[in-house]
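One structure is given here, and the rest of the page talks about it.
The values are calculated or read from the model by the stated rules, or taken from the named source; none is laboratory data. Every value quoted in this text rests on a predicted model; they were computed, and no experiment measured them. Cβ: placed from backbone, ideal geometry, glycine included. Neighbour counts: every protein chain shown. Remember, those area values only see protein heavy atoms, side chains included, never the ligands or the DNA or RNA. Shrake-Rupley method; radii C 1.70, N 1.55, O 1.52, S 1.80 Å.
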Amino acid sequence: MKSYSTRAIALLGAALLAASAAACSAGSGTSAGSSPGGDQSLTVGLVAEPASLDFTTTDGAAIPQALLGNVYNGLVKQDEAGKIVPDLAKSWTVSPDRKTYTFELVDNAKFTNGAAFTAADAVFSINRVKTAWTTSLKSVMDVVSSVKAVSPTQLQVTLSAPSNGWLFRMTTRVGAMFSQTGVAKLASEPIGTGPYKFGSWKRGDSIVLQRNDAYWGAKPFFNQVTLKYFKDPTALNNALLTGTINLISTVQAPEALTQFTSNSKYQVIEGTTNGEVVLSFNNSRPVFKDVRVRQAIRQAIDHKALLDTCFAGRGKLIGSMVPPTDPWYEDLTGVAPYDKAKATAALKPVAGTTLRLRLPTLPYATSCGQVVKSQLEQVGLKVTIDQLEFPAAWLTTVFKNADYDMSIIAHVEPRDLGAVFNAKYYTRYDDPTLVSLLAAADSGDDAAQVDNMKKAARRISEQAAADWLFLLPNLMVADKNLIGLPTNAITESFDLTRLARS
């Protein structure tokens with residue numbers, strides 16, 4: 001039997017300040033720098049506000065960013081290094097055939113509605129993904145053939161076939177544990193077992209989370225956290241300069257960083273993410289069914305110039321849908337190098353074609369969209385730009401209805417290559433070869449997984465299923481005394497429990 005337990009948890013990476021390690025270690029105790037009884041509050045500046053608080057029926061990364069790991073726990077979670085570590089499951093074993101997972105659960109967790117968390121809730125939550133979820137991510141649970149509560153603190157999940165991806169996906173939003181009596185108002189009143197409980201939501205402005213003093217694990221430092229949303233990057237920066245917020249979670253105007261780096265009141269954190277900024281193609285449209293057109297569009301874009309122009313040179317060019325923090329990363333920028341003359345020649349048969357670039361109202365998308373438009377028009381195409389309010393209008397028009405030719409969006413969900421590039425997703429990319437590679441990666445041993453995922457990444461790059469403009473950096477600015485800020489952001493959650501004041 002292969003066994004995983006709390007004894008196997010490594011310390012968080014050296015990139016985290018030492019003081020923050022105490023704030024996020026498992027078990028009892030308090031977070032670094034203060035007793036949880038202190039009157040401490042934090043305001044975080046963000047950009048993309050959720051359209052709903054129910055990620056079981058609404059797509060988009062903003063909901064799990066706010067709630068996963070803060071309001072909701074899963075059986076397992078990821079640490080900053082990407083390692084799967086215990087959460088509501090304190091340990092687990094995997095059968096020799098790699099199909100049966102037996103989880104030993106904590107015995108002292110409660111939902112914020114007062115109900116105790118048991119294996120029955122885990123059964124309910126896993127089955128509910130299959131029966132009640134309506135988002136594209138629900139297919140993750142298709143591999144689950146049965147789930148049962150062996151006892152109140154023991155859960156057994158049996159898969160229909162070995163899957164390298166299933167346990168990893170349980171660290172994401174699909175692994176969130178729900179109360180059997182607390183799912184009636186998920187869109188406006190989320191109920192979880194996490195270190196924070198939902199306080200209030202002022203639509204168009206902010207979400208307030210309150211510390212859950214009945215939390216079963218280590219209590220977070222801050223008794224109240226306000227997530228405040230800004231559509232304009234200048235307003236976001238000004239909010240920190242004026243003390244309205246304490247932290248910019250993702251810098252939207254990197255060219256303005258000097259006003260913070262030159263001021264001793266602030267600290268700048270720069271690392272990496274798994275947020276691939278994708279120039280997506282609607283592969284169901286006739287023009288994009290020709291791989292030569294897709295490849296030429298990729299070669300028409302000077303990615304370095306684009307990155308320098310629309311994101312001040314911050315970020316990384318990667319050439320495919322795999323960030324450097326994944327085991328199967330390869331630099332594939334050489335697959336479609338910039339070649340304006342070659343692109344112009346290849347696009348002559350469709351010269352003059354108008355492509356509709358429908359952009360979400362997010363600063364990086366609108367800025368980079370202008371560069372894409374300019375560069376594509378230089379090789380003979382015509383590009384019209386529409387701006388769609390994000391998230392609601394973009395999610396409905398582009399994501400749900402695929403009413404677009406091209407778009408630009410950062411895909412921040414971890415290890416999402418297979419989720420993004422398939423016939424049912426908004427990219428409408430239908431490739432049996434890719435499907436076979438992904439299936440072989442999921443069912444094989446560790447070596448087979450890495451080998452086949454590398455082949456899958458190269459496949460979508462060579463076939464130009466989309467273009468990958470750059471990888472977003474983890475670029476944060478905060479008050480100088482805020483500790484526990486992660487260097488890398490590679491999960492769906494913005495983990496508030498790591499943060500404290502020195």
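Of everything listed in (1) open to solvent by 10 Å² or more (accessible area, probe 1.4 Å); (2) assigned to a loop (DSSP other than H, G, I, E, B); (3) among the polar types (S, T, N, Q), the single unmet condition for SER179 is (1). Taking residues in the stretch 369-381 that are touching a residue at least 40 places away in the same chain (Cβ under 8 Å) and on the phi < 0 side of the Ramachandran plot, and partners anywhere that are buried (at least 22 other Cβ atoms within 10 Å of the Cβ) and of a type in the set (D, E, K, R), the pairs with Cβ atoms closer than 9 Å and at least 6 places apart or on different chains are VAL372/ASP467. Looking only at the stretch 94-113, which residues are open to solvent by 30 Å² or more (accessible area, probe 1.4 Å) and farther than 24 Å from ASN164 by Cα? Answer for the stretch 94-113, where residues must be open to solvent by 30 Å² or more (accessible area, probe 1.4 Å) and farther than 24 Å from ASN164 by Cα: ASP107, ASN108, LYS110, THR112, ASN113.
Within the stretch 467-492, being touching a helix residue (DSSP H, G or I) at 6+ places or on another chain (Cβ under 6 Å) and open to solvent by 10 Å² or more (accessible area, probe 1.4 Å) holds for ILE483, GLU492. If you take the residues of the stretch 77-93 that are among the aliphatic types (A, V, I, L, M), open to solvent by less than 20 Å² (accessible area, probe 1.4 Å) and in a strand (DSSP E or B), which of them is nearest to PHE494 (Cα to Cα)? Among them, the one singled out is VAL85. Evaluating TRP216 against the criteria (1) aromatic (Phe, Trp, Tyr); (2) more than 30 Å from LEU307 (Cβ to Cβ); (3) touching a Leu at 6+ places or on another chain (Cβ under 8 Å) leaves one unmet condition, (3). Taken over the stretch 256-283, residues that are closer than 28 Å to LYS340 by Cβ and either polar (S, T, N, Q) or open to solvent by 10 Å² or more (accessible area, probe 1.4 Å) (or both) amount to 3.
Note on the stretch 315-347: residues that are surrounded by fewer than 22 Cβ atoms within 10 Å (Cβ to Cβ), among the polar types (S, T, N, Q) and in contact (Cβ under 8 Å) with a residue 40 or more places away in the chain amount to 2. Restricted to the stretch 79-95, and to residues that are more than 23 Å from ASN113 (Cα to Cα) and touching a Gly at 6+ places or on another chain (Cβ under 9 Å), which residue is modelled with the highest pLDDT? Here the residue is ASP79.
Restricting the stretch 209-245 to residues that are more than 30 Å from THR193 (Cβ to Cβ) and assigned to a loop (DSSP other than H, G, I, E, B), the residue that is most open to solvent (accessible area, probe 1.4 Å) is LYS231.
Just a yes or no: is a residue in the stretch 422-429 open to solvent by less than 40 Å² (accessible area, probe 1.4 Å) and hydrophobic (A, V, I, L, M, F, W, C)?
Here is the first cut: in the stretch 422-429, the ones open to solvent by less than 40 Å² (accessible area, probe 1.4 Å) are 425-427, 429.
Next, from what is left, pick out any that are hydrophobic (A, V, I, L, M, F, W, C): none.
No, because not a single residue in the stretch 422-429 is open to solvent by less than 40 Å² (accessible area, probe 1.4 Å) and hydrophobic (A, V, I, L, M, F, W, C).
Pairs meeting the criteria (first residue in the stretch 424-450 and more than 14 Å from ARG98 (Cβ to Cβ) and touching a residue at least 60 places away in the same chain (Cβ under 8 Å), second residue open to solvent by 70 Å² or more (accessible area, probe 1.4 Å) and in a loop (DSSP other than H, G, I, E, B), beta carbons under 8 Å, at least 6 apart or on different chains) are VAL450/PRO327. For LYS110, state whether it is touching a residue at least 24 places away in the same chain (Cβ under 8 Å), at negative phi and within 26 Å of the chain's Cα centre (by Cα). No; evaluated as a whole, the condition is false for this residue.
Can you find, within the stretch 294-314, the residue that is surrounded by the fewest Cβ atoms within 10 Å (Cβ to Cβ) among those that are hydrophobic (A, V, I, L, M, F, W, C) and within 25 Å of ALA351 (Cβ to Cβ)? So, considering only residues that are hydrophobic (A, V, I, L, M, F, W, C) and within 25 Å of ALA351 (Cβ to Cβ), the one surrounded by the fewest Cβ atoms within 10 Å (Cβ to Cβ) is ALA305.
What is the residue count in the stretch 430-443 for residues that are surrounded by fewer than 17 Cβ atoms within 10 Å (Cβ to Cβ) and either farther than 20 Å from ARG169 by Cα or modelled with pLDDT under 95 (or both)? So the count comes out to 3. Can you tell me which residue among ALA448, ALA410, ALA464 is over 21 Å from the mean Cα position of the chain (by Cα) and open to solvent by 10 Å² or more (accessible area, probe 1.4 Å)? Criteria check complete, one pass: ALA448.
On the given criteria, is ALA419 touching a strand residue (DSSP E or B) at 6+ places or on another chain (Cβ under 7 Å) and within 23 Å of ALA66 (Cβ to Cβ)? So ALA419 does not fit the description; no.
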